[in-house]
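To start, the structure under review is shown below, and the notes come after it.
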Amino acid sequence: MIDFLIEFLDEPALEYEQLRRKIENQARELFYFTNDQLNKISEKLSDDEKFKWNNVIERFSDQTRSVFSKPEKKTNHLINLIY
């Protein structure tokens with residue numbers, strides 16, 4: 001019985017999981033929108049400026065991949081900090 005309670009308390013509430021997924025989905029949409037806008041700007045630049053701008057886009061993509069890698073693990077870490 002105690003093991004069941006410990007497992008039950010360790011699991012996030014349904015509302016929390018729904019909110020986590022909503023935030024993750026909105027963050028992904030923001031990434032796609034921003035990446036699209038950065039690429040549109042790149043199309044209007046000269047070749048030299050385009051090379052520099054592509055570095056900005058690549059760094060932005062790298063940071064985004066880092067943020068979205070194992071989001072559950074990062075979320076669980078935040079839960080532990082809160083509780």
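Go through Glu15, Glu24 for me and flag whichever is acidic (Asp, Glu), surrounded by 10 or more Cβ atoms within 10 Å (Cβ to Cβ) and part of a helix (DSSP H, G or I).
Details: Glu15 fails: surrounded by 10 or more Cβ atoms within 10 Å (Cβ to Cβ).
Just a single option satisfies the conditions, and that option is Glu24.
Do the conditions hold for Leu38, that is, is it among the hydrophobic types (A, V, I, L, M, F, W, C), more than 19 Å from the chain's Cα centre (by Cα), surrounded by 10 or more Cβ atoms within 10 Å (Cβ to Cβ) and at pLDDT 90 or above? Steps first, answer last, please.
Details: among the hydrophobic types (A, V, I, L, M, F, W, C): yes; more than 19 Å from the chain's Cα centre (by Cα): no; surrounded by 10 or more Cβ atoms within 10 Å (Cβ to Cβ): yes; at pLDDT 90 or above: yes.
No; evaluated as a whole, the condition is false for this residue.
Does segment 68-82 contain at least one residue that is exposed (fewer than 13 other Cβ atoms within 10 Å of the Cβ), modelled with pLDDT under 90, charged (D, E, K, R) and over 11 Å from the mean Cα position of the chain (by Cα)?
Among the residues of segment 68-82, at least one is exposed (fewer than 13 other Cβ atoms within 10 Å of the Cβ), modelled with pLDDT under 90, charged (D, E, K, R) and over 11 Å from the mean Cα position of the chain (by Cα), which makes the answer yes.
The values are calculated or read from the model by the stated rules, or taken from the named source; none is laboratory data. It should be emphasised that the depicted structure is a prediction, and the values quoted were computed from it without experimental measurement. Using ideal geometry, Cβ is built from the backbone for each residue, glycine included, and neighbour counts are taken over all protein chains shown.
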